Each structure stands twice: as structure tokens, then as C-alpha cells.
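K.L.:
Below you will find the structure I want to go over with you.
The values are calculated or read from the model by the stated rules, or taken from the named source; none is laboratory data. Everything quoted here is computed from the prediction, not taken from an experiment. Positions of Cβ are generated from backbone atoms using ideal geometry, with glycine treated the same way; all protein chains shown enter the neighbour counts. What goes into the accessible areas is simple: the full protein's heavy atoms, side chains included, and nothing from ligands, DNA or RNA. Shrake-Rupley method; radii C 1.70, N 1.55, O 1.52, S 1.80 Å.
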Amino acid sequence: MTASAPEEPRRVWSRRERPPWGQLGPVPWLSWPETKAVVDALQAEGSTVRFVGGCVRDALLGVMPRDIDLATPDPPDTVIRLLEQAGLRCIPTGLQHGTVTARVGDHSFEITTLREDVETDGRHAVVKWSSCWMADAARRDFTINALSATPDGAVYDYFDGLEHLSHGRVVFVGRPMQRIAEDWLRILRFFRFYARFGRPPASAGALSACQALAPHLKELSAERIRDELIGILETPACTDVLLLMRGARVLEQILPEAVAFGRLRQLVFLETRGLVMDGVEPDPVRRLAAVLHTDPHTAMQVARRLRLSSHQMQRLSVLSDTTPCPDPDGGEPLLLPALFRLGRKTVVDMILLVWSSERDGEHRLCPRRSASWQRALDLALSLPVPSFPLKGRDLLANGYRSGPLLGQELARLQGEWLHSGCRLDRAALLSSLRPPSPDPEAG
């Protein structure tokens, strides 16, 4: 294929099969006994089977895929029968779409019958079974996801996916407007795949279609939008891609609160290149907090709208207010109380967020300040999280009775302990214990 080939191949095909265009190199999962068991079961009566989609794309890139998907012209009931005949466990995960999952050992294999779309409405598709591999590839979203491979590694490429993959081009199969209209989520999938595999410049035709159809994103469920957004935030290119989405008027449909792109860029730098240390890994919720740079109330609104998990929601709310972050020059006397109050992960998150804010501002090139933050981060990751030495039973043993007065005194002592930088031990705290008030009911 020459460099002058059209960027967006026309979505046409013939029923005549084409020869393979490439070959997979050594791929570990192809030789797994579990993989061979599934392939042998599906081919037991002479049918064909291929690996499809992301696992082929990732194998070409030398990446271990998250999922191993296969396709076959056999209908779902035949697939189930073949798997059961081979003694393999099968789960009918999506029969209406022709999908069955085989579970073999610790591995799952999703097997789908070849399909063609009969009707689509932007959210759901009505399909019919097919025996044409090219027709099945033509209903996929991007050329790099329309690849398929035989069990011996021969790669079939009907829409120039191999060339696009090698050049970092994320291209819709066919006309972008038509493909997006089949499923509005493809707008966000375009940006997620561009974040993972793309190289600038992005397809002008794809961006134009995404911008024109972006208002339809509001018709999708919050869960689908959330998953795509998290997938974008997980990538090193998330800042540039979010800015690209903003330019295409897409981001305003799903995350209009995103404003702090400079802080996000600095955070991604620290997570991926600036710091190489255990305990500092890319984190999509931390990155979401960075780009929002907002107050806890607004953060909770965003979290609810995106249907984040309760744990993610709590984290986002806490990280939207970084005022409890200890000063990096304060050392252990400030870090230990923060570790006690907030926990190690939150302290590390806050250090990274505030440091990123400073790098985005006046302290970006200040070596002394960077060294201070580095020391603070090292301490936050290495210091033991302190435990308050006293419990209620200690006060009961010293004449207190259960009730509000005991709680007040325990809170006062904890305040003293925190003010000391968590250095006062049990004996020192007991020595400052106030005598219990006389019991008014005594005598």
C-alpha cells in the first residue's frame, strides 16, 4: 500500500475470500494448552476459527492482550455443543449477539459467531449470523481492530489495518459518520484508541465526525462513558488526547469541569518519567482529580454523574481538597500526623497533586523545591503509619466512666499526640491525663 492511499478506506467487500497479508511472530498465548483445547474443540467437525480484534492487534505490537477473542461461522448452539463435547466449560455471556465464553483453567476465551448488522440505533444492534469473514470485519469500528488471524498465525487484513497500525493511524472502517451513527460510543473509543496507538496528526475526517455527533453522547449510559474516560486517563498521552477532545467539542459533553490540563501534564510526567519508584504508578482517579482541580462538592457531582464506585467517589472527593497536604519541608513531624489522619495512599496522592500544581507554576524549575518534594514522597512511602497509643479502656482503668467525658478526654489526648508529631508514647500521654470529674450520682 502506497503512502498516497486514502486515509479512510471505503466500506466495501466481496464474498470472495482474500489471502492472508501478514504473519504473527512468536505469541505465547497461541501455544497455551488452554488455547489449543478451545481451538481443537471448535474445529472438531471441520469448521474454521480465527482470533479476532484486539488480541491480534496487540500480538502484532508485542503486547499481552487483556482478552482473547475468537470467531467462527458456526452458530452459538453449535459452539456450545462443540465445547461441551470437548469437556470445556462454556458460559452463554451474550447469545443475542452470538457470544459464548469458554473457561479453561485460569483463562477465558470469548467466541462469537460471524455477524452482519441488520439494524442499528446508536446504542444497540440487531445482527444476523454470517459465514463471511470480510463482512464480519466490516462491521468493526477501526481498521486496526478488523484484523483476524488463524491458529497458525496467518493474519487477514481487509481494510489496511496493518499499515495503519505500523504508522499509528486510528481510522474508522468506512465513513466515520456512518460508523459512529451505529454506536455513539465509538466517539469515545476513537479517542481511547488514539491515546493508546495513535501518532499525530489525528484523522481530520474522524475528528470532524466526532465533533458533529458529540451531542449524542448524552444518550449513552454513564457506565459506558466512565469506562472509556478511565481508559483514556490510564494512558501516558491522556493530556494531549483530552485537549484534542476539547478542541473537537467532545469533552464538554462528558467532562466540562476539566480545566487543569497543565497540572495533569505535570502529574503524568511525575508518574511515568520524573519518578521511577515503587508506590508511584499511573492512577486514573488521581489524574481525574488533577484535571478537575475543583472543590469537593463539584467533585462529588462529577463522581455521581460518571457512576464511579463508592471507593473511587470517596477518593475523588478527598483529593479535590489538598489543603491537608503537609509542607514538604516539614519532615516527619508533619508527615506522621498526615499519615495517621489520611492514610499512606492519600498522602502520596496529595503530595503528587500539589507538587504537580507547583511544577505547573513558578516552582517548575526549582531544584531545591523538587528535592524537598522528593524527600517528602520518600518519607510518605517509607514511614510506618503511626497508631495512637491509647484506647478507651486505658481511661476506664484510670477512673473514667463510659460516656461523653471519656470521648472528649481521649480526643484531647489524641490532639496532643498529633501536635507532638506522633512522638508522645503511652506513658507520656497517661501522665497528662486529667483526673476524671467526680460522679454526680456518687454518695
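K.L.:
Please identify the GluC sites (Glu not before Pro) of region 345-443 that satisfy two criteria: DSSP loop assignment and at most 16 other Cβ atoms within 10 Å. Which are they?
P.N.:
Filter output for region 345-443: Glu362, Glu441.
K.L.:
Ignoring ligands, DNA and RNA, what accessible area per residue does region 22-167 give at 1.4 Å, in Å²?
P.N.:
42
K.L.:
Another question about this same structure. May I ask you to list the trypsin sites (Lys or Arg not before Pro) in region 313-413 that are in a DSSP loop and have at most 16 other Cβ atoms within 10 Å of their Cβ?
P.N.:
Arg364, Lys391, Arg401
K.L.:
Quote the relative contact order of the chain in percent (integer), defining contacts as alpha-carbon pairs under 8 Å separated by 6+ residues.
P.N.:
Dividing the mean separation by the residue count of the chain yields 10 percent.
K.L.:
So, taking all protein chains as they sit and a 1.4 Å probe, how much accessible area belongs to Met64, in Å² rounded to tens?
P.N.:
100
K.L.:
Here's another thing I want to ask about it. Which of Pro236, Pro176, Pro367 moves the most in a Gaussian network model of the chain with Cα springs under 10 Å?
P.N.:
Sorting by GNM fluctuation, first place goes to Pro367.
K.L.:
While we're on this one: Given the protein chains as shown and a 1.4 Å probe, how many square angstrom of Cys132 are accessible, to the nearest 10?
P.N.:
Per-residue accessible area (Cys132): approximately 10 Å².
K.L.:
Let me ask something additional. With a 1.4 Å probe and all protein chains left in place, how much of the accessible area of region 29-157 comes from carbon and sulfur atoms, in whole percent?
P.N.:
Summing carbon and sulfur atoms, their accessible area is 46 percent of the total for region 29-157.
K.L.:
Across 10 Å bins from 0, what is the distribution of all Cα-Cα pair distances for region 175-256, in whole percents?
P.N.:
19, 59, 21
K.L.:
On the protein heavy atoms, probe 1.4 angstrom, tell me the percent of accessible surface of region 175-256 carried by carbon and sulfur.
P.N.:
Ligands and nucleic acids excluded, carbon and sulfur reach 51 percent.
K.L.:
Next question. Could you give the dipole magnitude of region 147-219 about its Cα centre, charging the beta-carbon of Lys and Arg +1 and that of Asp and Glu -1, in debye to the nearest 20?
P.N.:
Dipole of region 147-219, to the nearest 20 debye: 360 debye.
K.L.:
Which trypsin sites (Lys or Arg not before Pro) in region 54-86 pass both tests, a DSSP loop state and at most 14 other beta-carbon atoms within 10 Å?
P.N.:
Here the trypsin sites (Lys or Arg not before Pro) that fit, given the DSSP loop and packing criteria, are Arg66.
K.L.:
Under the rule a/c < 1.5 gives rounded, and otherwise a/b versus b/c splits prolate from oblate, where does region 58-167 land using the Cα gyration tensor?
P.N.:
In terms of gyration-tensor shape, oblate.
K.L.:
A follow-up question, please. If packing is taken as the mean number of other Cβ atoms within 10 Å per residue, what is the order of 272-278, 229-235, highest first?
P.N.:
Order by mean packing, descending: 229-235, 272-278.
K.L.:
Another question, if that's okay. What do you reckon, how do Glu257, Glu228 stack up by accessible area (1.4 Å probe), largest on top?
P.N.:
Glu257, Glu228
K.L.:
Counting heavy atoms of the protein chains only and a 1.4 Å probe, report the per residue accessible area for region 392-431 as a whole number of Å².
P.N.:
Using a 1.4 Å probe on heavy atoms only, each residue of region 392-431 averages 61 Å².
K.L.:
Might you tell me the accessible area per residue for region 175-256, computed with a 1.4 Å probe and given in Å²?
P.N.:
Per residue, region 175-256 has an accessible area of 41 Å².
K.L.:
Ok, one more. Membrane-span-like helices in the chain: DSSP H runs reaching 20 Å or more (Cα, own axis), mean Kyte hydropathy at least -1.0?
P.N.:
The qualifying helices are 344-359, 367-382, 404-419.
K.L.:
In Å, the Kirkwood hydrodynamic radius of the chain over pairs of distinct alpha carbons?
P.N.:
For the chain, inverting the mean 1/r across all distinct Cα pairs yields 25.8 Å.
K.L.:
Can you give me the relative contact order of region 371-443 as a percent, contacts being Cα pairs under 8 Å and 6 or more apart?
P.N.:
Rounded, it is 31 percent for region 371-443.
K.L.:
I would also like to ask the following. Can you compute the equivalent ellipsoid semi-axes for region 392-431, i.e. the square root of 5 times each eigenvalue of the Cα gyration tensor, sorted largest first and rounded to whole Å?
P.N.:
That gives 19, 11, 6 Å for the three semi-axes.
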